[in-house]
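The values are calculated or read from the model by the stated rules, or taken from the named source; none is laboratory data. Owing to the predicted nature of the structure, the values given are computational and were not obtained by experimental measurement. Using ideal geometry, Cβ is built from the backbone for each residue, glycine included, and neighbour counts are taken over all protein chains shown.
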Amino acid sequence: MFYKLLYSKFAITVLAFLFFIPLSHSQTKKLKRPKSRVGISSVDTFVQESFDLYEKVYKYDGYAQAGTPLDDEDIDVLEEALTEMTALSDSASNIISDLDGVGILKQGKATLQINKAKKAIKYSIKTAKELLLGERNKKEEDDNEVENSSDDDNNDGDSNSENEENDTDNKDPENISHDLEVLSKFDFVPGNKTIFFDDFSQDFIGDFPSKWNTNGSGELVKINDSPNNWLRLISGRNTKYIPDIKNLPDTFTLEFDMLTKGLNNKTSSQSYFQILISDNNTFNKDTNFAMVEIPLCQFIDRGLIVENSINGKREIRNEIQVDIRKQVTKRNHISVAINKQRFRVWINETKYVDIPRLLPENVSMKSIKLHLRGLDINKENLYVSNFKVAEGGVDLRRKLLADGKISTNGILFDSGSANIKPQSYGIIRQISQVLQQDDAIKLKIVGHTDGDGNDDTNLKLSKSRAEAVKHALINVYKIDGSRLISEGKGENEPVADNSTSEGKAQNRRVEFIKQ
């Protein structure tokens, strides 16, 4: 009787175990936590916190799938986790801005890990809500969503190698290829003759920069770990900021970095940052001008405003319907290209404005004016840095074919490194088009630095930068590497005075020479 009873209990246990197996497998397949860190503190923290919360929710989801009811303590934990996950989800867009200036390989690894963390957060928020409402059921879309990504879980760029180059085998095709595609189509080409450059390095923090004028106020500041000095603009109804430029050529480009702080859902719907090209360099009324206003409002979608005045008469005023609310909360690189009447504007690698006849015909433009309005000066701020105006910027391809050589200071790198800044790819794209047009052309790429630092360091840096441009042509534009050679000259062949900001900007250049 005892053995018969024991056998019955064993049989029930086996049946229960067999019945439980499919239940346990009905839970969504678990996402794998990245195995190594990216090396960007904000990204690493975001990923770690996301997966800490994810694993907590996943555990309770397993209880629900197994039919185990949640007690009061479990519900309290889930409610707290849901609050933390919602806040974490809201911060995701800000994390992306921390990738500016990071090398492409590290960007790829960081982007992949951020996307995995966002996927974990999405699952966690949805699941936690269903658990708290008692509505958690097996969802086919959950399974599909995670199954579609599970095959790539081990290819997240998390190898333990100390060399970032090894990450090339672990790139996420969807994310990195998209970034490279954006870069490959970026068509802004900066001018090749610097007219004005100011990184505010030659002025004191707290002062207004010496090469600018204003009818309001402003000051130079340091921001977090940024090596740059930044000009803080003060919002005002008629306040203008004018760099010391006497005349502008018919064709020129303008570039600068823009950073905002404190924008939120209470930021005024009438807050804009204006870039104006004018027929005078005073604070008087502009008879002839063209301008674009970048909206800063966060609680409603306001588009970019374009407007002009020709002989005192407005001919164009229009709102371009684009939602850039999240974009303006990050650090951005603004690029403007003026080609006679044509007016184009890029924010980072995206072109938002391209109007063929916004500027007046046969009228000389004298100045660039910046204007900020609608911000609460006690809470909300906008800053600019690395302000550069250069003549030209139309077509380097013909010059390279005709002269057999071009020199450009429009290919920019992170300070002290060979990481190419994304806004430089317009030039590299034009070089690739020359090579694609004629298979017989071979190029030497020569890097030059300014005079800061010691000779040996600059020589090594110039070689690395020339090599980085070579690799961009190969990897982004699929140019045969056998057609390219690279060389560095360091600071040995300056073309301008290394004691000034403008001179240094001209000396930091890359040459392309037909072989």
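Give the residue that is surrounded by the most Cβ atoms within 10 Å (Cβ to Cβ), with candidates limited to residues of segment 490-515 that are part of a loop (DSSP other than H, G, I, E, B) and of a type in the set (A, V, I, L, M, F, W, C). So that I can check it myself, show each step before the final result.
Pass one, segment 490-515, residues part of a loop (DSSP other than H, G, I, E, B): 491-500, 508, 515.
Of the ones still in play, those that are also of a type in the set (A, V, I, L, M, F, W, C) are 495-496.
Numbers: VAL495: 11, ALA496: 16.
For segment 490-515, the residue satisfying everything is ALA496.
Starting from segment 118-135, take each residue that is free of Cβ contacts under 8 Å to residues at least 12 places away in the same chain and assigned by TED's automatic domain parsing to the domain that holds LYS32 and list its partners that are outside any helix (DSSP H, G or I) and of a type outside the set (Val, Ile, Thr), counting only C-beta distances under 8 angstrom and pairs at least six apart or across chains.
So the pair list comes out as GLU130/ARG136; GLU130/ASN137.
Can you name every residue in segment 472-515 that is among the β-branched types (Val, Ile, Thr) and either closer than 19 Å to LEU400 by Cβ or modelled with pLDDT of 90 or more (or both)?
Applying the first criterion (among the β-branched types (Val, Ile, Thr)) to segment 472-515 yields 474, 476, 479, 485, 495, 500, 510, 513.
Scanning segment 472-515 gives ILE474, VAL476, ILE479, ILE485, VAL495, VAL510, ILE513.
Do any strands (runs of 3 or more DSSP E) entirely within segment 303-401 hold 3 or more residues that are of a type outside the set (Gly, Ala, Ser) and within 14 Å of PHE289 (Cα to Cα), and if so, which?
Hits in segment 303-401: 304-309, 367-373.
Suppose the filter is touching a helix residue (DSSP H, G or I) at 6+ places or on another chain (Cβ under 7 Å) and not assigned by TED's automatic domain parsing to the domain that holds CYS297; does ILE347 pass it?
Values: touching a helix residue (DSSP H, G or I) at 6+ places or on another chain (Cβ under 7 Å): yes; not assigned by TED's automatic domain parsing to the domain that holds CYS297: no.
Judged against the criteria, ILE347 is not a match.
Please list, ordered by first then second residue, the pairs with beta carbon atoms under 9 Å, 6 or more apart or interchain, first in segment 195-206 and within 10 Å of GLU219 (Cα to Cα), second charged (D, E, K, R) and in a strand (DSSP E or B).
ILE205/GLU219; ILE205/LYS222; GLY206/GLU219
Could we say that GLU487 is in a helix (DSSP H, G or I), in contact with a strand residue (DSSP E or B) (Cβ under 8 Å, 6 or more places away or on another chain) and of a type in the set (Asp, Glu) here?
no
Against the condition at pLDDT 95 or above, within 21 Å of the chain's Cα centre (by Cα) and in the same structural domain as THR251 (by TED's automatic domain parsing), how does ASN318 come out, does it pass? Talk me through it step by step, then tell me what you get.
Numbers: at pLDDT 95 or above: yes; within 21 Å of the chain's Cα centre (by Cα): no; in the same structural domain as THR251 (by TED's automatic domain parsing): yes.
No: the conditions fail for ASN318.
I want to confirm something. Restricting to segment 188-218 and keeping residues that are surrounded by fewer than 17 Cβ atoms within 10 Å (Cβ to Cβ) and among the charged types (D, E, K, R), which single residue is farthest from TYR241 (Cα to Cα)?
In this case the residue turns out to be LYS193.
Hey, does segment 464-471 have a residue that's touching a residue at least 40 places away in the same chain (Cβ under 8 Å), assigned to a strand (DSSP E or B) and either touching a helix residue (DSSP H, G or I) at 6+ places or on another chain (Cβ under 8 Å) or buried (at least 20 other Cβ atoms within 10 Å of the Cβ) (or both)?
Checked segment 464-471: no residue is touching a residue at least 40 places away in the same chain (Cβ under 8 Å), assigned to a strand (DSSP E or B) and either touching a helix residue (DSSP H, G or I) at 6+ places or on another chain (Cβ under 8 Å) or buried (at least 20 other Cβ atoms within 10 Å of the Cβ) (or both).
Going by the conditions given, is PRO69 touching a Lys or Arg at 6+ places or on another chain (Cβ under 8 Å) and either part of a loop (DSSP other than H, G, I, E, B) or modelled with pLDDT under 65 (or both)? Steps first, please.
Values: touching a Lys or Arg at 6+ places or on another chain (Cβ under 8 Å): no; either part of a loop (DSSP other than H, G, I, E, B) or modelled with pLDDT under 65 (or both): yes.
No; evaluated as a whole, the condition is false for this residue.
Determine if segment 274-287 includes at least one residue that is surrounded by fewer than 20 Cβ atoms within 10 Å (Cβ to Cβ), closer than 25 Å to SER415 by Cα and within 26 Å of the chain's Cα centre (by Cα).
Scanning segment 274-287, I find no residue that is surrounded by fewer than 20 Cβ atoms within 10 Å (Cβ to Cβ), closer than 25 Å to SER415 by Cα and within 26 Å of the chain's Cα centre (by Cα), so the answer is no.
Considering segment 403-427 alone, what residues qualify as being hydrophobic (A, V, I, L, M, F, W, C) and within 16 Å of the chain's Cα centre (by Cα)? So that I can check it myself, show each step before the final result.
First, pick out the residues of segment 403-427 that are hydrophobic (A, V, I, L, M, F, W, C): 406, 411-413, 418, 420, 427.
Residues satisfying the conditions are LEU412, PHE413, ILE420.
On the given criteria, is VAL446 part of a strand (DSSP E or B), modelled with pLDDT of 95 or more, in contact with a helix residue (DSSP H, G or I) (Cβ under 8 Å, 6 or more places away or on another chain) and at negative phi?
Values: part of a strand (DSSP E or B): yes; modelled with pLDDT of 95 or more: yes; in contact with a helix residue (DSSP H, G or I) (Cβ under 8 Å, 6 or more places away or on another chain): yes; at negative phi: yes.
Yes, satisfied.
Of the residues ASN238, ASN213, which single one is assigned to a strand (DSSP E or B), farther than 30 Å from ASP395 by Cα and either in contact (Cβ under 8 Å) with a residue 60 or more places away in the chain or of a type outside the set (Phe, Trp, Tyr) (or both)? First the steps, then the outcome.
On the way: ASN238 fails: assigned to a strand (DSSP E or B).
Checking each option against the conditions leaves just ASN213.
Test each condition in (1) surrounded by fewer than 16 Cβ atoms within 10 Å (Cβ to Cβ); (2) among the charged types (D, E, K, R); (3) farther than 25 Å from ALA390 by Cα for ASP414 and report the one that comes out false.
Checking ASP414 against (1) surrounded by fewer than 16 Cβ atoms within 10 Å (Cβ to Cβ); (2) among the charged types (D, E, K, R); (3) farther than 25 Å from ALA390 by Cα, the one that fails is (3).
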